[in-house]
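Before any comments, here is the structure.
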Amino acid sequence: MDPAIELDGLERRYGERVALTGVTVSVPRGATLAVLGANGAGKTTLLRVLAGLLRPHAGSARVLSAELPRERWKVPGQVGYLGHEPLLYRDLTGRENLRYHARLHGLDGSRVEKLLAAVGMDRRADDPLHDLSRGMVQRLAAARALLHDPPLLLLDEPRAHLDPAAAELLEPLIGRGSGRTRVLVSHDVEGALGEADLALGLKGGHQVFAGSVEPAAARELYR
Amino acid sequence: MIGAAGTILRKDLRLELRTKESVPAMTLFTLTVYVLFHFGLDRDSLDGELASGVLWVTLLLAAVIGVSRLFAAEREQGGIDGLLLAPVDRTSLFLAKSAALFLFLVAVEVVALPAFGLLLLGPGLGGALPELLAILVLGDLGIAAVGALVAALAAETRARELIAPLLLLPLLVPVLIACAQATEPLLRQTQGPEDLGRWLGLLTLYDVVFVLLSVAVFDYLLED
């Protein structure tokens, strides 16, 4: 079976500035890749390229058998993206937000209700987002990312703002037990390596390592 | 594509009903300008070219406010990313935003037109209303198509509040000319309508060209 993600010499620039270069990694289906690196290392850029939100400028990138950027149209609907921003409207309620995204994915309301219950937000689902705590919004953002039951999850600090109970609640949905291929960006080196099958280290947009790595070596990325 | 556009449009209308960010501001602006003209021109009533010009320039400037806010929620709350992550045609976003702007303009005109008649027209709109409605619909369609295109373009720039009017107003000059010329005979106190068909034809042509052009280029505006 094709790997879920296959990158070879991936490069992405913002104008003249190189944000990512020479990224080469292969992620089998169902595996978890931990992406590690200090602020500005290129982690979020990598996730956005994999989500089809940014086009790669050089190298090759295949995501779920879609060649990027040529077949980028195949990627939406197959990835669940949980990034820094919840991608939800502050003036709509949680239920309205999820129903909106569900309709864009061609889904009916039953999936929304199921996920609201799964993330423990069914009782606050009719409150506008601006009345909710950041942790509650993060739970709704996780529900949004999972609405269409994507085979690939792109997670950028997914447990940020979550209290331990909420993190535990989301574990079966976005954790290792979810059975999905995951790309996990985290600054918690030990935690990320503990739940990953392989790791990618980035420093200043350059790949430092790809594969298995000891926590002590991974921590060097932050020095 | 139409289904996705409907979904986005419903969301936009719901957000507008809840936040009241665009339509009240556009309406208040329009009413304020008519009041300013009422006192500033120091005349009991306007007619012909002057009345037509005041009506349309004010509506166009009000449209700038709507265009500036059209992508605000998408830009500030990640709506465009959310949309790009869904398996929908990007053209649906253009259709939804154009339709939203069109409906905003109609809502403004429902209030602005009677106020214009009351403050600035002697005999009122009366019998000219059917023709004026046709001009308004065609004018609003053109403004909505160009407005959605410009709003998407400006949303990706830093100086978006500056870019939107600077791009929008020159592009809308043909709409202004056609609408003002078509409206002018309707607001004359002495004569009936003339050349209306020619100006409505020009407006229709403008609308068709800009809707097609916008659909063709909109995808590229959303590229990173």
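Residues in region A:87-106 that are over 19 Å from B:Leu17 (Cα atoms) and facing chain B (nearest Cβ under 7 Å): A:Leu87, A:His101, A:Arg103, A:Leu104, A:His105. When we screen A:His130, A:His148 for residues that are closer than 24 Å to A:His101 by Cβ, touching a Lys or Arg at 6+ places or on another chain (Cβ under 6 Å) and modelled with pLDDT of 90 or more, the only hit is A:His130. On inspection, A:Ala34 does not qualify as away from chain B (no Cβ under 12 Å), touching a residue at least 12 places away in the same chain (Cβ under 8 Å), buried (at least 17 other Cβ atoms within 10 Å of the Cβ) and part of a loop (DSSP other than H, G, I, E, B). Selection within region A:110-136: residues that are within 13 Å of chain B (Cβ to nearest Cβ) and of a type outside the set (Asp, Glu). The member of this set that is surrounded by the fewest Cβ atoms within 10 Å (Cβ to Cβ) is A:His130. Looking only at residues that are surrounded by 15 or more Cβ atoms within 10 Å (Cβ to Cβ) and in a loop (DSSP other than H, G, I, E, B) in region B:2-26, which one is farthest from the other protein chains (Cβ to nearest Cβ)? Residue satisfying both the conditions and the ranking: B:Ser22. Scanning region B:72-86 for residues that are small (Gly, Ala, Ser), facing chain A (nearest Cβ under 9 Å) and in a helix (DSSP H, G or I) yields B:Ala73, B:Gly79, B:Gly82.
Of all the criteria given as (1) out of contact with any helix residue (DSSP H, G or I) (no Cβ under 6 Å at 6 or more places or on another chain); (2) in a strand (DSSP E or B); (3) farther than 16 Å from A:Leu152 by Cβ, the one not satisfied by A:Ala61 is (3).
Applying the condition of being of a type in the set (A, V, I, L, M) and closer than 29 Å to A:Leu87 by Cβ to region B:58-74 and asking which residue is surrounded by the fewest Cβ atoms within 10 Å (Cβ to Cβ) yields B:Ala72. Against the numbered list (1) surrounded by fewer than 20 Cβ atoms within 10 Å (Cβ to Cβ); (2) assigned to a helix (DSSP H, G or I); (3) in contact (Cβ under 8 Å) with a residue 12 or more places away in the chain, B:Asp89 comes up short only at (2).
Taken across region B:113-130, residues that are under 17 Å from the mean Cα position of the chain (by Cα) and surrounded by fewer than 21 Cβ atoms within 10 Å (Cβ to Cβ) do occur, with at least one present. Each residue in region A:46-86 was checked for being more than 10 Å from chain B (Cβ to nearest Cβ) and either over 27 Å from A:Met136 (Cα atoms) or surrounded by fewer than 22 Cβ atoms within 10 Å (Cβ to Cβ) (or both), and 15 of them qualify.
Candidates in region B:110-136 are the residues that are within 22 Å of B:Leu205 (Cβ to Cβ) and in contact (Cβ under 8 Å) with a residue 12 or more places away in the chain; of these, the one that is farthest from the other protein chains (Cβ to nearest Cβ) is B:Glu131.
From the set of residues in region B:32-50 that are in a helix (DSSP H, G or I), surrounded by 18 or more Cβ atoms within 10 Å (Cβ to Cβ) and of a type in the set (A, V, I, L, M, F, W, C), which is nearest to the chain's Cα centre (by Cα)? Lay out the reasoning, then the answer.
Kept after step one, since they are in a helix (DSSP H, G or I), are these residues of region B:32-50: B:32-40, B:48-50.
Still in the list and also surrounded by 18 or more Cβ atoms within 10 Å (Cβ to Cβ): B:33-34, B:37-38.
After this cut, where a residue has to be of a type in the set (A, V, I, L, M, F, W, C) as well, the list is B:33, B:37.
On the way: B:Val33: 16, B:Phe37: 21 Å.
That would be B:Val33.
Among the residues making up region A:98-112, none is polar (S, T, N, Q) and touching a Lys or Arg at 6+ places or on another chain (Cβ under 7 Å). The residues of region A:37-58 that are part of a loop (DSSP other than H, G, I, E, B), within 21 Å of A:Ala199 (Cα to Cα) and of a type outside the set (Gly, Ala, Ser), listed by number, are A:Asn39, A:Pro56. In summary, A:Ala125 fulfils each of the numbered conditions (1) in contact with a strand residue (DSSP E or B) (Cβ under 7 Å, 6 or more places away or on another chain); (2) under 21 Å from A:Gly191 (Cα atoms); (3) outside the structural domain of A:Leu200 (by TED's automatic domain parsing) with the single exception of condition (2). Among the residues of region B:193-211, not one is modelled with pLDDT of 90 or more and in a loop (DSSP other than H, G, I, E, B).
Taking (1) in contact with a helix residue (DSSP H, G or I) (Cβ under 6 Å, 6 or more places away or on another chain); (2) buried (at least 18 other Cβ atoms within 10 Å of the Cβ) in turn, B:Arg188 satisfies each apart from (2).
The values are calculated or read from the model by the stated rules, or taken from the named source; none is laboratory data. What you see is a predicted model; the values in this text were computed from it and never measured. So basically every Cβ, Gly included, is an ideal-geometry build from the backbone, and we count neighbours across all protein chains shown.
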